[in-house]
Amino acid sequence: MNKNSSNIMALAPNTSNKRETVCIFGTGDFGRALGHKLIQSGYPVVFGSRSTQTSSLIPKDAEVLSHAEAAQKAAIIIIAIQRQHYNFLTPLAEILHGKVLVDISNNLKINQYPESNAEYLAQLVPGAKVVKAFNTVSAWALQSGTLDASRQVFVCGDDMEAKQMVMDIVRALGLTPLDQGSLLAAQEIENYPLQLFPMWKFPILLSLGLIAFFFFYCLIRDVIYPYVYENKDYSFFIAISIANRICPILALILLALVYLPGVLAAIIQLYRGTKYRRFPDWLDKWMLCRKQLGLVALAFASLHVLYTLVIPIRSFVRWRISSHIISQVLNNKTEPLDTTNAWLSDSYLALGILGFFLFVLLGITSLPSVSNNVNWREFRFVQSKLGYLTLVLCTAHTMVYGGKWFLSPSSYRWYLPSAYMLSLIIPCTVLVVKFVLVFPCLDKPLTQIRQGWERNPQYSE
């Protein structure tokens, strides 16, 4: 009977509203913000500071004492001080023995020191139980209450009980603790806030490289060539015309690059006859940043739409239209409507509108707030099936726009084809290979491989 009662007591949640006192060393921005949030969550808070004078910045319900006095009042002490000021903790080693020290510090650059700040703290106070936490949450988010973007709190430490106590505090603050293991993970956790868009590096650098290439390519064909051979100054094309060529070109190429690694992965799996061997590192990294590639492509597609909308108000376009009208008046001749060109123009615009609509839909479904509310099959349908449809529509939009100029000698200036022709190489390659992979003779074995079948099981290790 007693045994059962003790089990029930162990499993029952703690319904007491009384929370243990938390000590915070440091009265800076983060220390004050965290103290205010702890008080709101029902924790008694005591600050340990060099100056025991109260300030209007300190939460009014908090007590300010010396470091030694404050440490004696709490089992959990949050160190809201930079690493270079940790030396004051050494004389407090006896008082801090057995206490839980929560290191929340960050550095100015990745791997600034040989060991993490949390490991350094554990060396200074060997008798304390050091836990790393809260370094990925900003003081501004704590003060303003906008914690949605930084709700996850990475926690690591060698003492399981101490780590659990810290994670209970994290949950009480309305945040989500993520156990990262032992204190050896502290350096990786400290590097998280210092990473500048790690998954965006490749898409952005690739985009900048493509922008530079196509800018100079279009500059040579559309500005320098007419100036050399026709003595015409079209340098004003740089502001709108060239920009409006580069944006759709990059949008189409980057969209194709989103689906190219999946095609390459399928070819590799068919060749190897197994899914249990790792892809090359470059392909792994490429596949991990497909979402970022797609969002950058969507940004360029949106710019293309905006540039296209301002075309009617350009001085060059208005001058060309008025000159054409005056020419018809002087010749007393009205050119009849070319229904073939009208069909091509409307088809080109319709394909562009539909392609951009699906492009935006892909971007919306990639948002965490949307993707978290759909199941895997729905997400895959949108990102794969509708994604390929988007690529087909955007490729067709480009081909209808300039298909009639493919075989025209005048479109090759200095033997250089128009830039849009170059933009079709990767999308057409992806679509052709994907079309081949859909054939049952390839699709069936590929499906079997992805379900675990192996051609040569002895090579699966």
If R0 = 25 Å, then Asn331 and Ser408, at their Cβ-Cβ distance, give a FRET efficiency to the nearest 0.05 of 0.45
Counting only DSSP beta bridges with both residues in the stretch 22-194, what percent are antiparallel, rounded to the nearest 5?
10
More than 21 Å apart: what percent of Cα pairs in the stretch 56-187 qualify?
42
Skip the ligands, DNA and RNA, and give the accessible area per residue of the stretch 86-208 with a 1.4 Å probe, whole Å².
50
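Rounded to the nearest whole Å², what accessible area per residue is found for the stretch 283-428 with the 1.4 Å probe? Each step should come with its number before you reach the end.
Values: 9520 Å² over 146 residues.
Spelled out: the 1.4 Å probe surface of the stretch 283-428, per residue, equals 65 Å².
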Cα-based Rg and Dmax for the stretch 165-307, where Dmax is the largest Cα-Cα distance (Å)
22.8, 78
Of Pro445, Pro457, Ser408, which is farthest along the charge dipole of the stretch 315-461 in the positive direction, counting Lys and Arg as +1 and Asp and Glu as -1 at C-beta?
Ser408
Quantify, in whole percent, the carbon and sulfur part of the accessible surface of the chain (1.4 Å probe; protein heavy atoms only).
61
Gyration tensor (Cα only) of the stretch 226-329 to equivalent ellipsoid, semi-axes in Å sorted down, yields 45, 14, 12
Quick one: what are the phi-derived ³J(HN,Hα) couplings along the stretch 117-123, Karplus 6.51/-1.76/1.60 with θ = phi - 60°, whole Hz, x for glycine and proline?
4, 5, 5, 5, 4, 5, 6
Computed accessible area, Asp158, all protein chains, 1.4 angstrom probe, square angstrom
110
Dividing the alpha-carbon radius of gyration of the chain by 2.2 N^0.38 Å, where N counts its residues, gives 1.40
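The values are calculated or read from the model by the stated rules, or taken from the named source; none is laboratory data. From a predicted model like this one, the values you see are computed outputs, not experimental measurements. Methodologically, a virtual Cβ is constructed for each residue, glycine included, from the backbone with ideal geometry; neighbour enumeration extends over all protein chains shown. Surface areas here come from the heavy atoms of the whole protein model, side chains and all, with no ligands, DNA or RNA. Shrake-Rupley method; radii C 1.70, N 1.55, O 1.52, S 1.80 Å.
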